[in-house]
Every structure is written in C-alpha cells, then in structure tokens.
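Here's the structure we're looking at; comments come further down.
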Amino acid sequence: MNWIQLIISAGAVLITGFLLPGVEVGLIAAFIVAIGLAFANTFVMPIMAALGLPTTVLVVGIFTHVMNAVFVLILSALLRNLAS
C-alpha cells in the first residue's frame with residue numbers, strides 16, 4: 001500500500017467516524033486503523049480467502065464481505081485495547 005492509498009483509507013475512516021453517531025475518530029487513530037486494515041488485507045486476507053474458498057464459491061462471493069466485517073471487528077477490538 002502506498003502513501004496515497006493510506007491517506008485515502010485514513011480519510012475514509014475519518015468520514016465514517018463523522019457520519020456515524022457516537023463514533024469519534026482522531027487523525028492519528030484514523031491512520032492507525034488504515035495501517036491495521038492494510039496489514040490485515042495484505043497478510044491475513046489471502047490466507048482467510050484460501051480457507052474460505054469453498055464457502056465463497058457456494059454463496060457466490062458474499063462470504064468475502066463477511067470476512068471483511070470480521071477483520072474490522074478484530075481491528076476495532078485490538079485498537080480499543082491499545083487506546084486503554
């Protein structure tokens with residue numbers, strides 16, 4: 001992931017935090033989330049995609065969205081523990 005993609009991802013996190021009520025995201029936290037998502041998508045996602053391939057084929061690709069949601073939940077839990 002290059003710097004431009006990282007900045008765009010951080011911007012997307014900031015916009016999402018602005019649009020969702022009760023969610024507050026600072027600039028540093030947005031960059032940490034963007035780096036965490038980049039790490040998960042680079043290293044963990046290919047492994048999970050290979051393991052979940054039969055399910056993905058069976059449900060015509062919808063399982064990929066489930067895997068992305070799980071990554072966001074895991075990252076949210078990790079960052080919450082880091083911030084505490």
Qualifying residues in the range 1-13 (those that are part of a helix (DSSP H, G or I) and touching a helix residue (DSSP H, G or I) at 6+ places or on another chain (Cβ under 6 Å)) - the one surrounded by the fewest Cβ atoms within 10 Å (Cβ to Cβ): L6
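From the list V25, V59, pick out the single residue that is surrounded by 14 or more Cβ atoms within 10 Å (Cβ to Cβ), more than 14 Å from the chain's Cα centre (by Cα) and of a type in the set (A, V, I, L, M).
Numbers: V59 fails: surrounded by 14 or more Cβ atoms within 10 Å (Cβ to Cβ).
Within the list V25, V59, the selection yields V25.
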Pick from the range 41-56, criterion surrounded by fewer than 13 Cβ atoms within 10 Å (Cβ to Cβ) and free of Cβ contacts under 8 Å to residues at least 24 places away in the same chain, ranking: nearest to the chain's Cα centre (by Cα): F43
Quick check, is A34 buried (at least 16 other Cβ atoms within 10 Å of the Cβ) and part of a helix (DSSP H, G or I)? yes
T16 being part of a helix (DSSP H, G or I), without any contact (Cβ under 8 Å) to a residue 24 or more places away in the chain, in contact with a Gly (Cβ under 9 Å, 6 or more places away or on another chain) and among the hydroxyl-bearing types (S, T, Y): no
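No value in this document is a laboratory result; all are computed from the given coordinates. Remember, it's a predicted structure, so these values are computed and weren't measured experimentally. As a convention, Cβ positions derive from the backbone with ideal geometry for all residues, glycine included, and neighbour counts pool all protein chains shown.
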